[in-house]
Amino acid sequence: MTMIRMITAAASAVLVAGCTTMGGGTSDTASSGGARAVLRMADGTEVGRAVATEVNGGIRVSLDASKLPAGPHGAHVHTTGRCDGPDFTTAGGHWNPTNMKHGTQNPMGPHAGDFPNVQVAADGRGKLEMMLPAGTMSGLMDADGAAFVIHAAADDYKTDPSGNSGGRIACGVFERS
């Protein structure tokens with residue numbers, strides 16, 4: 001009977017270790033929690049959140065914004081995790097690990113961080129969800145991080161480097177969640 005208990009205990013230990021390795025580890029997957037950015041205007045007013053989650057085939061980013069001017073606004077992931085006001089230029093250019101040109105209508109594009117315009121309603125709210133197929137969580141959360149930026153005007157989806165989308169009106173630094 002003692003031998004059966006020892007074999008059962010050893011088998012249980014192997015199964016538990018296998019389950020722990022399968023579900024955990026250090027890889028960036030949807031189960032790792034992803035990253036979240038709280039978006040703020042230059043005056044510090046919170047205007048939304050962007051959530052990034054690595055999934056099969058890229059990174060899914062969802063945006064939930066409020067208190068923004070009505071109309072279409074360019075929205076992009078930017079290369080640097082800094083959002084110093086008043087103009088948020090410290091966020092750098094659009095996230096572009098594949099060295100493409102800007103825009104989905106540019107034959108040499110798009111950047112990995114290019115999004116469709118976020119349509120903001122008269123009540124100041126806008127939502128958007130996008131899959132970034134060229135991205136990985138480790139690339140997004142590299143040594144200098146990344147930010148999510150909302151621009152003042154609509155993106156034309158073709159003009160390099162930023163789609164003529166105007167100044168940066170809101171910015172949030174991605175932090176692991």
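Of note:
- Under 15 Å, Cβ to Cβ, from Asp87 - net charge with Lys/Arg +1 and Asp/Glu -1: +1
- Residue-by-residue Karplus 3J(HN,Hα) for region 73-81, coefficients 6.51, -1.76, 1.60, Hz, glycine and proline x: 9, x, 9, 8, 7, 10, 6, 10, x
- Fraction of accessible area attributable to carbon and sulfur, region 44-83 (%, probe 1.4 Å): 46 percent
- Summary of packing: across the peptides 114-120, 57-63, the per-residue average of other C-beta atoms within 10 Å ranks them, highest first, as 114-120, 57-63.
- Backbone amide hydrogens, once placed in the peptide plane, bring Ala170 within less than 5 Å of Ile150, excluding anything fewer than 5 places away on its chain.
- Charge tally in the Cβ shell below 14 Å around Glu46, where Lys, Arg are +1 and Asp, Glu are -1, Glu46 excluded: +3
The values are calculated or read from the model by the stated rules, or taken from the named source; none is laboratory data. None of these values were measured; they are calculated from a predicted model. Methodologically, a virtual Cβ is constructed for each residue, glycine included, from the backbone with ideal geometry; neighbour enumeration extends over all protein chains shown. Heads up: the accessible areas ignore ligands, DNA and RNA and are worked out on the full protein's heavy atoms, side chains in. Shrake-Rupley method; radii C 1.70, N 1.55, O 1.52, S 1.80 Å.
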